[in-house]
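Heads up: the structure comes next, in structure tokens.
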């Protein structure tokens with residue numbers, strides 16, 4: 001039986017009300033990469049902490065994790081198209097960000113980072129990044145050699161200058177069968193960073209090597 005507080009509520013309800021994620025609207029953008037499976041765990045954790053989550057998948061992301069997975073985890077339809085007038089008469093990039101408290105892209109591939117750094121908008125995730133007025137955070141994930149390329153580092157630096165938060169990546173064993181930087185941050189760590197930002201904390205920055 002749940003413990004009750006003097007006001008008649010339960011301890012679990014009190015804990016939820018104190019969680020910065022509770023009741024917040026989060027857009028979870030998912031770009032293509034093996035780490036897309038971790039995005040499903042992120043969605044599950046955020047929903048467990050009473051956040052409302054809308055998943056937005058790129059075409060490449062759907063090659064790794066299907067729409068039904070995110071629909072089941074979030075109890076919401078998954079958005080994939082810029083033009084979907086039946087569901088979003090004003091445009092998904094407008095209607096979704098209007099309600100959003102935070103936009104997270106996890107994993108953020110090298111391709112996605114390049115688009116965002118250049119201000120390109122040729123799919124729904126990149127278009128949302130341009131139209132968002134809420135905090136925007138990316139969690140990069142890619143091959144270690146790709147992460148180390150000057151072009152990728154320039155794009156990350158540009159995003160930081162543009163006010164985008166960056167979580168990770170971490171060092172570890174990668175899908176390319178080598179150890180190195182490029183591993184997407186763990187879902188639990190991402191959830192904690194989001195909670196901190198929504199509580200008024202600073203946007204994250206990648207740790208210096």
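Within the option set 116, 139, being surrounded by 13 or more Cβ atoms within 10 Å (Cβ to Cβ), touching a residue at least 12 places away in the same chain (Cβ under 8 Å), in contact with a strand residue (DSSP E or B) (Cβ under 6 Å, 6 or more places away or on another chain) and under 27 Å from residue 47 (Cβ atoms) holds for one residue only, 139. Filtering the stretch 49-77 to residues that are assigned to a loop (DSSP other than H, G, I, E, B) and farther than 26 Å from residue 196 by Cα leaves 58, 59, 60, 64, 65, 66, 77. In the set 111, 122, only one residue is more than 16 Å from the chain's Cα centre (by Cα) and farther than 16 Å from residue 55 by Cβ; that residue is 122. Would a scan of the stretch 81-100 turn up a residue that is touching a helix residue (DSSP H, G or I) at 6+ places or on another chain (Cβ under 6 Å) and part of a strand (DSSP E or B)? Taking every residue of the stretch 81-100 in turn, none turns out to be touching a helix residue (DSSP H, G or I) at 6+ places or on another chain (Cβ under 6 Å) and part of a strand (DSSP E or B). Taking the stretch 47-57 as the range and being in contact with a helix residue (DSSP H, G or I) (Cβ under 6 Å, 6 or more places away or on another chain) and buried (at least 24 other Cβ atoms within 10 Å of the Cβ) as the test, the residues that pass are 55, 56. Give 145, 132, 108 a once-over and let me know the one that is closer than 16 Å to residue 39 by Cβ and either buried (at least 24 other Cβ atoms within 10 Å of the Cβ) or touching a strand residue (DSSP E or B) at 6+ places or on another chain (Cβ under 9 Å) (or both). Answer to the check: 108. You will find that of 46, 28, the residue that is in contact (Cβ under 8 Å) with a residue 60 or more places away in the chain, in contact with a strand residue (DSSP E or B) (Cβ under 8 Å, 6 or more places away or on another chain) and outside any helix (DSSP H, G or I) is 28 and no other.
Of the set (1) over 23 Å from residue 57 (Cα atoms); (2) surrounded by fewer than 17 Cβ atoms within 10 Å (Cβ to Cβ); (3) at pLDDT below 90, all apply to residue 175 but (1).
In the stretch 6-17 there is no residue matching the filter, namely being at pLDDT 95 or above and at negative phi. Applying a threshold of 6 Å to beta carbon distances and a minimum spacing of six or more residues, or different chains, the list of pairs starting in the stretch 182-209 at a residue that is over 15 Å from residue 170 (Cα atoms) and ending at one that is not in a helix (DSSP H, G or I) reads 195/20; 195/21; 197/135; 198/20; 198/24; 199/20; 203/165. Applying the criterion of at least 3 residues that are modelled with pLDDT of 95 or more to the helices (runs of 4 or more DSSP H) found wholly in the stretch 103-172 leaves 110-118, 124-131, 150-161.
The values are calculated or read from the model by the stated rules, or taken from the named source; none is laboratory data. Predicted model, so just to flag it, every value in this text is computed and none were measured. Using ideal geometry, Cβ is built from the backbone for each residue, glycine included, and neighbour counts are taken over all protein chains shown.
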